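S.K.: Let me give you the structure first, and then I'll get to my questions.
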Amino acid sequence: MKKALSILTILLTLFSCHERELTHIGYPEDYVSPEFTKGPDGELYVFTKETAGDVFETLEWSPASFGAKTEHNYQIMASIEGYDAVEVVTLVNGSATQVEISQKEMNDAIMKITGVLSEGMVVEENVDLGIRAFIGDFPTGTGVVSSTKQVVANIFPYFTPTLPSNKIFVRGDHQDWAENDETTILGSVEEEGGPYNGYMYLNNEFKICAGPTWGDPAYGQKGDWESDGNGFSTAIAGDGENIKVTPGPGMFFMSSNGSSTLMIEPLTFKLKGSAIPGGEIVMDYDQTNRYLYANVDFVDGSFTFYANNDHNLGKGEADGVTENNGEPIEVKAGTRMIVLDLKNPGTYIYFYRGAVEITAPEMAPLTITDYVLTKDDKDQSIETISWSESVYGDETLEKYQVLLGSQVMYEGVDLSVTLTVEELNAAALKDGGEADKATKHGVKVVAIFAEGSKLESELQEINITPYQAFASEIYVSGDFNDWKHNDDDVVNLDNPEGDYSNWFWMPEGGFKFTSLPNFDGTNYGYESDGVLSTTGGNIPVDAENHYSLKMNPEKLTYELEALEWGLIGDAVKGGGGWETDTPLTFDVATKTWYKEVELVAGANFKFRANNNWDHNLGLTDVDGEVGRDGGDLSVEVADVYTVTLTYDSDARKFTYTIVKK
């Protein structure tokens, strides 16, 4: 028994000695720290959500030593001057001496260090990177050695907010009707359904959208606005029109059930309290960053972001977070810009910046606010619009724009522009005005700076009764109709810019455009390919075919394009789906296009020409006929069919057949 115990004691002793060899590896004075041999270069790294998976840098370093051969790990560490936190960017297991770091890994570390709460708080950061080696699973005790020199990376990170999981989207001209915009949302605290609430700057028109793209349900205005307390309410529906902002552009509190009701309340936010000289100051709106701001000479005291008693934002549960009816926010004396960011309905935040001179252009009052325009006066100068210089910190002004609604009437660096009747008329028509009908429009000046910032003047309203700048139709006469004139052979006005178009079956030969149903007016003929002249010859048609004909009498241009019809849709097996046409065979003698294809049941297709949705045919109310922009076609039984499209040039109609093979 004693012998057995002795052997066991020896074995334990040997094992213990082996353990000491692994852990007691040398004296700290013999340790060698790892040092970077390859780090970031001196350029600015700009991170984005789209490039988050890309490699930021491959870092390399000299190996660490703990006085004896042993396994150890490395950590890449990040810190930023002015912040206490030090964050681990990545862990390198084993004795490797290089690592690839992604933009996301680096960005996550920066966000943890800085505690950024809003995209508006994101700034360029000089990030110090260090490396430490350690024995075991965690860097503790004496088995740790860190680099003596750090490397610096100059990084502009991106911010990803934590948004409400239950949200709807508000798309409109306040954000260029853009899809996938998570900065213009309303949120709900419920797991499903509304009410959806939030603050937002609205311009002229918008829609309430169930999801981030136009493939999701979108709801427009169904009825008039009605007064509702301090705001306005209206019904919304899937077939509603664009919702008109009332009473005009500005900051609003919004509430909707997401599909049938909407309330908006116009608000003007002020900084209000003992810290504000004079007791209060109105905040301005930064359209580029979509936040409210004010430059303030603070005194010691407190303040809230006040719009009215129902919207009085004070201190939240965390620094930089504000909530309704919170306690006043304490502040020390000093000149700073304060920003209120209300984009995220889950977290409203505020932050300070150094004071920046921001001056929006101020437009002089319009001399006339009611215009009835006539074509005889089209060259007459009628209005000079002038404005003051705009400043946005140190940013360089790129240009000013004068807008009538969404239409640009002037673009340049001058501080005034004189408009003609023709220019104002064209802008009014493009902005939705109708000839001989008075319509209200908004006029404003926008200053655009080189780094993307924008500042706008106050909107001024103007009533304009425009004239019809172009005739509703222009006649087409040629070999195809024996050089006659009739009301069917015309190109129709498509837009206020004077673009006309129509489809024609034409034989080989020629034609002209005429302003009157005879040749006594202005005639437009051939100058060169695509170019018209009022003294030109016949416009040539090289071959009999079905054509798309376009022209513009002001630009003196034309386009004659043969229509090559095909099938498009997911019912066409082996075709291009809804992206690419499957061509049909053309028989000019019978004016038919045909093809033998396999069609899928329960799916749809249409006729389309030249891979262009401007030229498409679909179902009409008449059996066997298809018309421009008609409905989808389909078959009930999957099989191989001969699909035929036929044009009747006398009736000017298309018919079709789908015959099972």
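S.K.: Looking at (1) within 39 Å of the chain's Cα centre (by Cα); (2) open to solvent by 30 Å² or more (accessible area, probe 1.4 Å); (3) of a type in the set (S, T, N, Q), which is the one condition that is false for GLN150?
M.R.: Of (1) within 39 Å of the chain's Cα centre (by Cα); (2) open to solvent by 30 Å² or more (accessible area, probe 1.4 Å); (3) of a type in the set (S, T, N, Q), only one is false for GLN150: (1).
S.K.: Does THR367 count as touching a residue at least 12 places away in the same chain (Cβ under 8 Å), of a type in the set (S, T, N, Q) and part of a loop (DSSP other than H, G, I, E, B)?
M.R.: Judged against the criteria, THR367 is a match.
S.K.: In the stretch 559-603, how many residues are on the phi > 0 side of the Ramachandran plot and modelled with pLDDT under 95?
M.R.: Number of matching residues: 4.
S.K.: Residue under question is ILE264, and the condition is that it be more than 30 Å from ILE338 (Cβ to Cβ), touching a residue at least 12 places away in the same chain (Cβ under 8 Å) and among the aliphatic types (A, V, I, L, M); does it hold?
M.R.: No: the conditions fail for ILE264.
S.K.: Moving on. What are the residues in the stretch 103-123 that are open to solvent by 60 Å² or more (accessible area, probe 1.4 Å) and at pLDDT below 90, if any?
M.R.: The answer is LEU117, GLU119, VAL123.
S.K.: If you check GLY521, GLY525, which single one turns out to be more than 36 Å from the chain's Cα centre (by Cα), more than 26 Å from TYR647 (Cβ to Cβ), at pLDDT below 95 and outside the structural domain of LEU424 (by the TED database)?
M.R.: Just a single option satisfies the conditions, and that option is GLY521.
S.K.: Could you list all residues from the stretch 79-102 that are touching a residue at least 40 places away in the same chain (Cβ under 8 Å) and open to solvent by 20 Å² or more (accessible area, probe 1.4 Å)?
M.R.: Those that are touching a residue at least 40 places away in the same chain (Cβ under 8 Å) and open to solvent by 20 Å² or more (accessible area, probe 1.4 Å): SER79, GLU81, THR97, GLN98, VAL99, GLU100, SER102.
S.K.: So, one more: For PRO496, indicate whether it is modelled with pLDDT under 95 and in contact with a Leu (Cβ under 9 Å, 6 or more places away or on another chain).
M.R.: In short, yes.
S.K.: While we're here: So which of ASN203, ASN242 is touching a residue at least 60 places away in the same chain (Cβ under 8 Å) and either in contact with a His (Cβ under 7 Å, 6 or more places away or on another chain) or surrounded by fewer than 20 Cβ atoms within 10 Å (Cβ to Cβ) (or both)?
M.R.: Result: ASN242 is the single residue among ASN203, ASN242 that is touching a residue at least 60 places away in the same chain (Cβ under 8 Å) and either in contact with a His (Cβ under 7 Å, 6 or more places away or on another chain) or surrounded by fewer than 20 Cβ atoms within 10 Å (Cβ to Cβ) (or both).
S.K.: If you go through the stretch 292-305 one residue at a time, how many are within 16 Å of GLY354 (Cα to Cα) and in a strand (DSSP E or B)?
M.R.: 7
S.K.: Return the residues of the stretch 261-273 that are in contact with a Gly (Cβ under 9 Å, 6 or more places away or on another chain), open to solvent by 10 Å² or more (accessible area, probe 1.4 Å) and either among the small types (Gly, Ala, Ser) or part of a strand (DSSP E or B) (or both); say none if nothing qualifies.
M.R.: THR261, MET263, GLU265, PRO266, LEU267, LYS272, GLY273
S.K.: Within the stretch 386-408, take every residue that is of a type in the set (A, V, I, L, M) and closer than 20 Å to PHE449 by Cβ and give me the one that is modelled with the lowest pLDDT.
M.R.: VAL391
S.K.: Of the numbered conditions (1) buried (at least 19 other Cβ atoms within 10 Å of the Cβ); (2) at pLDDT 95 or above; (3) not small (Gly, Ala, Ser), PRO195 fails exactly one; give the number of that condition.
M.R.: Answer for PRO195: the failing condition is (1).
S.K.: Might you check whether a residue that is under 26 Å from ASP436 (Cβ atoms), touching a helix residue (DSSP H, G or I) at 6+ places or on another chain (Cβ under 7 Å) and buried (at least 16 other Cβ atoms within 10 Å of the Cβ) occurs anywhere in the stretch 472-482?
M.R.: No - not one qualifying residue is present in the stretch 472-482.
S.K.: List every residue pair whose Cβ atoms lie under 9 Å apart, where the two residues are 6 or more positions apart in sequence or sit on different chains, the first residue falls within the stretch 413-431 and is among the aliphatic types (A, V, I, L, M), and the second residue, located anywhere, is open to solvent by less than 70 Å² (accessible area, probe 1.4 Å) and part of a helix (DSSP H, G or I).
M.R.: Every condition considered, the pairs that remain are LEU419/ALA427; VAL421/ASP377.
S.K.: Still on this structure: State yes or no: is LYS69 under 19 Å from THR114 (Cα atoms), assigned by the TED database to the domain that holds LYS149, among the charged types (D, E, K, R) and open to solvent by 80 Å² or more (accessible area, probe 1.4 Å)?
M.R.: No.
S.K.: Which of the following residues is open to solvent by less than 50 Å² (accessible area, probe 1.4 Å), at negative phi and at pLDDT 95 or above: ILE281, ILE276?
M.R.: Being open to solvent by less than 50 Å² (accessible area, probe 1.4 Å), at negative phi and at pLDDT 95 or above holds for just one of ILE281, ILE276, which is ILE276.
S.K.: Could you give every pair whose Cβ atoms fall below 7 Å, whose first residue belongs to the stretch 650-661 and is surrounded by 12 or more Cβ atoms within 10 Å (Cβ to Cβ), and whose second residue is small (Gly, Ala, Ser), counting only separations of at least 6 or pairs across chains?
M.R.: Listed by first residue and then by second, the contacts come to THR655/GLY624; TYR656/GLY624.
S.K.: PHE449 passes all but one of (1) farther than 26 Å from HIS615 by Cα; (2) touching a His at 6+ places or on another chain (Cβ under 9 Å); (3) buried (at least 19 other Cβ atoms within 10 Å of the Cβ); which number fails?
M.R.: (2)
S.K.: Scanning for something at pLDDT 85 or above, open to solvent by less than 60 Å² (accessible area, probe 1.4 Å) and under 30 Å from the mean Cα position of the chain (by Cα), does the stretch 125-141 turn up at least one residue?
M.R.: yes
Residue-wise test of (1) open to solvent by 20 Å² or more (accessible area, probe 1.4 Å); (2) assigned by the TED database to the domain that holds PHE298; (3) within 26 Å of ASN295 (Cα to Cα).
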{"position": "GLU330", "(1), (2), (3)": "yes, yes, yes"}
{"position": "ARG336", "(1), (2), (3)": "yes, yes, yes"}
{"position": "PRO345", "(1), (2), (3)": "yes, yes, yes"}
{"position": "PHE351", "(1), (2), (3)": "no, yes, yes"}
{"position": "THR369", "(1), (2), (3)": "yes, no, no"}
{"position": "LEU373", "(1), (2), (3)": "no, no, no"}
{"position": "LYS378", "(1), (2), (3)": "yes, no, no"}
{"position": "SER381", "(1), (2), (3)": "yes, no, no"}
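S.K.: Okay, next question. Say we look at the stretch 527-549 and pick out the residues that are in contact with a Leu (Cβ under 9 Å, 6 or more places away or on another chain) and among the hydrophobic types (A, V, I, L, M, F, W, C); which of these is farthest from SER515 (Cα to Cα)?
M.R.: VAL541
S.K.: A further question on this structure: Taking the options ASN612, ASN604, name whichever one is open to solvent by 20 Å² or more (accessible area, probe 1.4 Å) and over 27 Å from GLY478 (Cβ atoms).
M.R.: On inspection, the qualifying residue turns out to be ASN604.
The values are calculated or read from the model by the stated rules, or taken from the named source; none is laboratory data. Note that this is a predicted model, so its numbers are computed, not measured. All Cβ positions, even for glycine, are placed from backbone atoms using ideal geometry, and neighbour counts span all protein chains on display. Keep in mind that these areas ignore ligands, DNA and RNA; they rest on the heavy atoms of the full protein, side chains included. Shrake-Rupley method; radii C 1.70, N 1.55, O 1.52, S 1.80 Å.
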